[in-house]
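One structure is given below, encoded as structure tokens.
The values are calculated or read from the model by the stated rules, or taken from the named source; none is laboratory data. Computed from a prediction, not measured in an experiment: that's the story for all the values here. All Cβ positions, glycine included, derive from the backbone under ideal geometry; neighbour counts span all protein chains shown.
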Amino acid sequence: MKHLWPIAKITFLEGLRSRVFFGLFIVALLLFSSTYTLSYLFPRDVVKVAVDLSLAITSLVGLILTLFLGTQLLAKDLERRTIHMVLAKAVSRSEYVVGKFAGLSLIIVCSMIVLGGFAAFASWTVDLLTADQYGVVHWPTFVLALSMMTLMLMLLASVIFFFSSFVSSTFLALGLTLVIYLIGQSVEELKHFLETGAEGVAISPVFLKIVTGAYYIFPNLAAFNFKTQAAHGLSVSLSDVVWPFLYGVFYSGVMIASAAWIFRRREFT
């Protein structure tokens, strides 16, 4: 595993030079600059809206960045056939996959630190210019929301690598990951709705089993969403943080291990 860090470093530097990276940050700056104006459209919830909007922008930009950079990392090397030169230097395929994922994870962490700084500055500015009775920023929960958001994006990156390990089309890997993201954001709420039932609605037991199976197979991305708690200053228990953290680490590990196992058996043309 001595080649992990060089591969991760090269991947990190390559990602920083991407035009997508700089383009998204320019868009993010424009969106963050509009936070002050948009938040005052809700005069009694100015700070809450500012926090929620800032975190939503951070999540959106981070998601787009992860999707586009993640799907391109393996695809570029395969299309340019540079992967043959890398593997010819006594680098195992497992080291290559794990190193690429580590590099993408570094990009995600650094990007979220910068985006989180912009979000915090936008929220702090609104909080500074707003009377206390219209809300205050709860910074510990704010930082927690950014941290769990980062972990969720890293989990999603592992899913991208899983699909990219056996799918040759970049668009197919992107499409499959988007489907997983949408399912992961709604499967917990759908499962809860079906289990509690709704008045006058007949629920098929077969459909309930399918949704329950999907709940345990697909990643529960909603568990990493703490934007509401940060915006409203709601208390968060230790278990609400520990279990999603362990879940995210475990699921990401399974996805990367599976991607490395599949990639070792893949034939290159």
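Here is how the numbers come out for the structure above:
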quantity	calculated
Residue match in the stretch 27-49 (condition: surrounded by 22 or more Cβ atoms within 10 Å (Cβ to Cβ), under 13 Å from SER111 (Cα atoms) and in contact (Cβ under 8 Å) with a residue 12 or more places away in the chain)	yes
The stretch 124-141, residues that are assigned to a loop (DSSP other than H, G, I, E, B), at pLDDT 80 or above and of a type outside the set (A, V, I, L, M, F, W, C)	HIS138
The one condition in (1) at pLDDT below 85; (2) not in a loop (DSSP other than H, G, I, E, B) that LEU41 fails to fulfil	(2)
Of all residues in the stretch 159-189 being touching a residue at least 40 places away in the same chain (Cβ under 8 Å) and of a type in the set (Gly, Ala, Ser), the one that is surrounded by the fewest Cβ atoms within 10 Å (Cβ to Cβ)	SER168
Contacts under 6 angstrom Cβ, first residue in the stretch 232-252 being under 27 Å from SER123 (Cβ atoms) and of a type in the set (A, V, I, L, M, F, W, C), partner at pLDDT below 90 and part of a helix (DSSP H, G or I), 6 or more apart	none
Sole residue being under 23 Å from ILE256 (Cα atoms) and buried (at least 19 other Cβ atoms within 10 Å of the Cβ), chosen from LEU156, LEU115	LEU156
Candidate set: the stretch 228-250, residues that are in a helix (DSSP H, G or I), modelled with pLDDT of 90 or more and touching a helix residue (DSSP H, G or I) at 6+ places or on another chain (Cβ under 6 Å); chosen: the one surrounded by the most Cβ atoms within 10 Å (Cβ to Cβ)	ALA230
Among the residues listed as SER54, SER94, the single one being closer than 30 Å to LEU234 by Cα, of a type in the set (Gly, Ala, Ser), at pLDDT 80 or above and in a helix (DSSP H, G or I)	SER54
Hits in the stretch 142-182 (condition: over 14 Å from the mean Cα position of the chain (by Cα) and assigned to a helix (DSSP H, G or I))	PHE142, VAL143, LEU144, PHE162, PHE163, SER164, THR170, PHE171, LEU172, ALA173, GLY175, LEU176
